[in-house]
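The values are calculated or read from the model by the stated rules, or taken from the named source; none is laboratory data. For clarity, every value in this text was computed on a predicted model and none was experimentally measured. Cβ coordinates were reconstructed from backbone atoms using ideal geometry, including for glycine residues, and neighbour counts include every protein chain displayed. Ligands, DNA and RNA are excluded from the accessible area calculation, which covers all protein heavy atoms including side chains. Shrake-Rupley method; radii C 1.70, N 1.55, O 1.52, S 1.80 Å.
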Amino acid sequence: MTRIKRGYIARRRRTKTRLFASSSRGAHSSLTRTITQQKIRALVSADRDRDKQKRNFRRLWITRINAVIREKVVSYNYSKLIHDLYKRQLLLNRKILAQIAILNRNCLYMISNEIIKEVDWKESIGIV
């Protein structure tokens, strides 16, 4: 049986993985087996941390909205605002509300005041 040399295909595959790990230090950028392990680990971490980043941003937006809302009205807070937004069927997500809270606080105060008036008015009549 003749000898088969697999150099071309294997070398091409290894150079692809080496390009992925070119920014690493030491053996993680030069040895094929450690490069493969680091690549797997990096991709797992990236996948996990994308979800973590979404969670962290949502927490940040909620904190910002709550801080601005509590600043103006004493007995009003984030959870009541969101509840009243759903009652009024105003579909503003937390990201947009947080941007409004940072860039234009008066606009957020106006929104919350209108919601409070509407909810109080409906409750006093007995519609809700």
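If I stretch the segment between residue 49 and residue 32 completely, what's the gain in nm (0.36 nm per residue apart, minus their alpha carbon distance), one decimal? Display every interim value, and only then the final one.
Working: separation 17, 0.36 × 17 = 6.12 nm, distance 2.55 nm.
Net length gain for the segment: 3.6 nm.
Among (i) 2, 9, 19, 23, 19, 14, 9, 4, 1, 0; (ii) 2, 8, 9, 10, 10, 10, 9, 9, 8, 8, 6, 4, 3, 2, 1, 1, 1, 1, 0, 0; (iii) 2, 9, 14, 12, 9, 7, 6, 5, 6, 7, 7, 5, 4, 3, 2, 1, 1, 0, 0, find the value of P(r) over Cα pairs in 5 Å bins from 0, in percent that was calculated from the structure presented, and write down its label.
Among (i) 2, 9, 19, 23, 19, 14, 9, 4, 1, 0; (ii) 2, 8, 9, 10, 10, 10, 9, 9, 8, 8, 6, 4, 3, 2, 1, 1, 1, 1, 0, 0; (iii) 2, 9, 14, 12, 9, 7, 6, 5, 6, 7, 7, 5, 4, 3, 2, 1, 1, 0, 0, the one derived from this structure is (iii).
Between residue 41 and residue 18, what FRET efficiency comes out of the Förster formula 1/(1 + (r/R0)^6) with R0 = 25 Å and r the beta carbon distance, rounded to 0.05?
Computed FRET efficiency for residue 18 and residue 41: 0.95.
At 222 nm, what value in deg cm²/dmol follows for the chain if DSSP H runs of at least 4 each add -39500 (n - 2.57) and the sum is divided by all its residues, to the nearest 500?
-26000 deg cm²/dmol
What's the carbon and sulfur percent of segment 8-125's accessible surface, probe 1.4 angstrom, rounded to a whole number?
On the way: 4900 of 9050 Å².
Whole-percent figure for carbon plus sulfur exposure: 54.
Residues of segment 57-79 with the amide nitrogen closer than 20 Å to a label point 7 Å from the Cα of residue 96, along Cα-to-Cβ, please.
What the label zone holds, given the 20 Å backbone N cut-off, is 57-69, 78-79.
Enter the accessible area per residue of the chain (Å², integer; probe 1.4 Å; all protein chains in place).
Roughly 81 Å² per residue, with all protein chains present.
Provide 103, 85, 60, 31 ordered by accessible surface of protein heavy atoms (probe 1.4 Å), highest first.
103, 31, 60, 85
For segment 91-114 and segment 52-87, what is the separation of their C-alpha centers, rounded to whole Å?
10
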